[in-house]
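Report on the following structure.
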Amino acid sequence: LLSLCWATLAWAIDIPPALLDTLKYSGSARVIVQLNLAFTPEGNLGDADAVMAQRAIIAQSQEELLQTLPQHVSTTNVETRFATIPALVMVMDSQTLMQIQDSPLVASLQVDEVDDAAGQTIADQLTAMERVYESSHSAVQTTEVSVSPASARQGDARQLMLDNFQSVGITTSW
């Protein structure tokens, strides 16, 4: 029993207070879930096969996480599955949060909040960044991407996307 409790404690991640507040007042929250995967910016992977292999692992891990969730969680709760970074955006209730918190597949949770400097939510920024990355990284060497200083926080999924940009020579500004 002690080892079972230790295993649960070892995997549980911190829940941001803002997420708890949102769930308390509205019953659900839009959350960026970062997966617990080794991640290498795509420009550092070496070749297209390695990029495709990493993307396949990301997709497989996203699906594996979703398969572990309660029956009431459907694919409609998943708003975005990112192809290039180990993250997804979900709308979740407190029951889903408790299950995700204990999953060894999850590295961190981030409340999707409006970044006032950018005028968009973090998830919307990530989605736009992934579109820019996908459409321009092979053809354009210098693309200006602006992200507010708020993204410098520890555990912010935007840093993974910025690492991808920089690894293929796309300039970014803060």
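Potential lengthening of the chain between residue 71 and residue 128 amounts to 17.5 nm, from the contour at 0.36 nm per residue minus the alpha-carbon distance. Under the simplified labelling scheme, the residue 94-residue 63 pair shows an inter-label distance of 3.4 nm, with each label point 7 Å from Cα along Cα→Cβ. Peptides 34-42, 18-26 ranked from most to least packed by the mean count of surrounding Cβ atoms within 10 Å: 34-42, 18-26.
A cut-off of 5 Å between modelled amide H atoms, ignoring neighbours fewer than 5 places along the same chain, links residue 168 with 43.
The label-point distance for residue 38 and residue 25, in a model that sets each label 7 Å from Cα toward Cβ, rounds to 4.2 nm. For residue 106, the residues 5 or more places off, or on other chains, whose built amide H falls under 5 Å of its own are 36. Amide hydrogen proximity for residue 84: with H placed 1.01 Å from N in the peptide plane, no residue at 5 or more positions away or on another chain lies under 5 Å.
If I take R0 = 22 Å and measure r between the Cβ atoms of residue 171 and residue 135 in this structure, what FRET efficiency does the formula 1/(1 + (r/R0)^6) give, to the nearest 0.05? Efficiency for this residue pair is about 0.85.
Throughout, read-outs are computed from the coordinates displayed, never taken from laboratory work. None of the values given here were measured: they were computed from a predicted structure. So basically every Cβ, Gly included, is an ideal-geometry build from the backbone, and we count neighbours across all protein chains shown.
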